[in-house]
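These notes concern the structure reproduced below.
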Amino acid sequence: MLTLFAFIVAIALLIAVHEYGHYRVAVACGVKVLRFSIGFGKPLLRWQSKTGGTEFVLALFPVGGFVKMLDEREAPVAPTERHLAFNTQSLGRRSAIVAAGPAANLLLAVLMYSVVNWTGVQLPAAILAPPTLESMAAQAGLVGGERVLRIALDGEDDVAVRSFEDLRWQLTRGVLEGQDVRLSVQGENASTEREFLLRLSALDSRDVDAKLFQKIGLMGPMSRPLMGDILPDSAASQADLRTGDEVTQVDGKSIVDGQQLRQMIRQSVVNQKAPTQLWSIVREGQHLQLAVTPQVVMEQDQPIGRIGAYVGAPPEQVMVRYGLLDGSWQALVKTWDVSVLTLKMMGRMVIGEASIKNISGPLTIADYAGKSAGLGLTQYLIFLALISVSLGVLNLLPVPVLDGGHLMYYLWEGVTGRPVSDAWMERLQQGGIAILMLMMSVALFNDISRLFG
């Protein structure tokens with residue numbers, strides 16, 4: 001229920017802001033707006049403005065919306081109202097009205113990122129877990145436990161890393177832009193600082209997928225290898241493991257991180273069996289050794305080991321908060337960076353340099369809406385800001401039927417001095433619909449593969 005509610009609120013809000021951008025600028029430009037509708041289908045609520053005469057509608061299916069303006073191309077217009085019609089406005093005004101929808105989404109993202117920056121958010125600290133074997137991070141010399149202080153892409157100044165999310169974002173940028181990154185880290189001895197080079201330029205931009213950080217070797221932040229809740233009659237319970245036990249070794253191998261321990265448990269299966277492991281633990285200051293035999297379960301047709309317990313303590317958290325001006329500036333920069341990265345990603349998918357598996361549809365968006373809402377208002381705002389940027393950028397693409405397609409028509413009109421002919425307009429509209437249908441089909445297929453594959 002939370003997932004459905006969070007998804008409907010997100011879609012309705014983002015569409016309302018988008019359409020309000022069109023509406024507000026249209027009114028400012030002197031265009032008569034006949035109807036402002038959020039959703040399609042049977043109207044649930046409707047009321048009429050006493051000043052402008054606009055009919056406002058909230059319809060049954062809030063998955064879209066539209067602003068209907070007075071226009072001679074759609075219906076006859078009285079001579080006394082011809083100056084209020086959209087099609088009679090100057091090229092500049094028509095362009096401003098069309099561009100206002102995507103601009104409103106981008107401004108909403110800036111506002112939401114600003115609110116998050118001003119109020120602050122608890123995020124995992126940028127303390128690295130041990131990198132996966134033979135990964136890029138391991139080859140660079142990282143061993144785990146390092147705190148990342150700064151990061152720099154080739155040719156750019158160092159950027160302070162305030163959380164693991166900052167680190168993840170900059171690494172994603174490095175892969176998409178084909179640039180190596182330099183990490184300035186602090187070891188367990190806070191007096192020492194070292195630099196490590198990750199040669200992200202060696203990664204193909206098609207590697208920007210769910211397994212990207214596994215290839216880099218930085219799966220997540222450091223978490224102490226503590227035992228959490230333990231299920232009754234599980235392998236952990238049978239081995240006498242208890243909540244709060246800290247694991248120091250498994251079969252003589254040192255354990256320093258919860259993710260490392262989880263991987264060893266998962267990969268313990270050999271020939272459909274999980275051999276007994278000798279665990280060294282610390283319990284209330286005492287050093288103990290326990291024999292643990294993971295249970296074998298099937299996951300996506302592959303046998304893995306499990307012990308029936310929550311493994312790993314929550315990572316160290318830091319409060320990331322900015323002042324009024326700095327928070328607003330950081331929000332503007334974040335919106336710009338996400339917009340540019342989204343455009344680059346789309347461009348690389350078009351030319352085959354990035355996987356189309358990165359396209360997400362309504363099912364994935366609904367899933368993330370529910371998950372982010374479950375984590376609290378701040379995480380939900382971050383999710384809404386990201387989707388708002390995506391919606392704004394998507395609508396600016398030069399695809400007929402989208403706002404960017406109409407701006408493309410106006411660019412042609414500005415260069416040639418004449419509008420696109422009706423015949424060409426019809427062909428382009430049909431092509432635009434075909435492109436959108438193809439994108440929606442790919443997105444839905446990806447959703448089904450992610451959630452049910």
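The values are calculated or read from the model by the stated rules, or taken from the named source; none is laboratory data. This one's a predicted model, so the numbers in the text were calculated from it and none came from an experiment. In this analysis, Cβ positions are derived from the backbone assuming ideal geometry, glycine residues included, and neighbour counts consider all displayed protein chains. Just the protein is used for accessible areas: all its heavy atoms, side chains included, with ligands, DNA and RNA removed. Shrake-Rupley method; radii C 1.70, N 1.55, O 1.52, S 1.80 Å.
Quick rundown of the values:
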quantity	calculated
Matching entry among Tyr368, Tyr380 (being in a helix (DSSP H, G or I) and modelled with pLDDT of 90 or more)	Tyr380
Yes/no for Ser191 being over 30 Å from Val250 (Cα atoms), of a type outside the set (Phe, Trp, Tyr), modelled with pLDDT under 80 and exposed (fewer than 12 other Cβ atoms within 10 Å of the Cβ)	yes
Pairs where the first residue, in the stretch 167-183, is at negative phi and surrounded by fewer than 18 Cβ atoms within 10 Å (Cβ to Cβ) and the second is of a type in the set (Lys, Arg) and part of a loop (DSSP other than H, G, I, E, B), C-beta under 9 Å, 6+ apart	Asp180/Arg199
Residue that is among the hydrophobic types (A, V, I, L, M, F, W, C) and touching a strand residue (DSSP E or B) at 6+ places or on another chain (Cβ under 9 Å), where the choices are Ile382, Ile448, Ile433	Ile382
Hits in the stretch 119-160 (condition: open to solvent by 20 Å² or more (accessible area, probe 1.4 Å), among the hydrophobic types (A, V, I, L, M, F, W, C) and within 24 Å of Tyr322 (Cβ to Cβ))	Leu123, Ile127, Leu149, Val159, Ala160
Matching residues in the stretch 99-118 - criterion: being open to solvent by 10 Å² or more (accessible area, probe 1.4 Å), under 26 Å from Met319 (Cα atoms) and of a type outside the set (Val, Ile, Thr)	Leu106, Leu107, Leu108, Leu111, Met112, Tyr113, Asn117, Trp118
Given (1) open to solvent by less than 50 Å² (accessible area, probe 1.4 Å); (2) at pLDDT 75 or above; (3) assigned to a helix (DSSP H, G or I), index of the condition Gln430 fails	(1)
Of all residues in the stretch 85-115 being of a type in the set (A, V, I, L, M) and in contact with a strand residue (DSSP E or B) (Cβ under 9 Å, 6 or more places away or on another chain), the one that is modelled with the highest pLDDT	Ile97
Strands (runs of 3 or more DSSP E) wholly inside the stretch 233-327 containing at least 3 residues that are modelled with pLDDT under 90	295-299, 302-306
Checklist (1) open to solvent by less than 20 Å² (accessible area, probe 1.4 Å); (2) among the small types (Gly, Ala, Ser); (3) touching a Gly at 6+ places or on another chain (Cβ under 8 Å); (4) farther than 18 Å from Arg321 by Cβ applied to Ser201, failing item	(1)
Matching residues in the stretch 54-82 - criterion: being small (Gly, Ala, Ser) and farther than 22 Å from His18 by Cβ	Ala75, Ala78
Selection from the stretch 289-320 of residues that are exposed (fewer than 13 other Cβ atoms within 10 Å of the Cβ) and either in contact with a Leu (Cβ under 6 Å, 6 or more places away or on another chain) or farther than 30 Å from Ser163 by Cα (or both)	Gln289, Ala291, Met298, Glu299, Gln300, Asp301, Gln302
Qualifying residue in the stretch 39-49 (condition: surrounded by fewer than 20 Cβ atoms within 10 Å (Cβ to Cβ), in contact with a helix residue (DSSP H, G or I) (Cβ under 8 Å, 6 or more places away or on another chain) and touching a residue at least 24 places away in the same chain (Cβ under 8 Å))	no
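Each row is one residue, and each column tells you yes or no for (1) closer than 25 Å to Phe66 by Cα; (2) under 23 Å from the mean Cα position of the chain (by Cα); (3) open to solvent by 60 Å² or more (accessible area, probe 1.4 Å); (4) without any contact (Cβ under 8 Å) to a residue 60 or more places away in the chain.
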position: Thr342; (1), (2), (3), (4): yes, yes, no, yes
position: Ser360; (1), (2), (3), (4): yes, yes, no, no
position: Asp367; (1), (2), (3), (4): no, yes, no, no
position: Ala373; (1), (2), (3), (4): no, yes, no, no
position: Gly376; (1), (2), (3), (4): no, yes, no, yes
position: Ile387; (1), (2), (3), (4): yes, yes, no, no
position: Leu397; (1), (2), (3), (4): yes, yes, no, yes
position: Tyr409; (1), (2), (3), (4): yes, no, no, yes
position: Asp422; (1), (2), (3), (4): yes, no, yes, yes
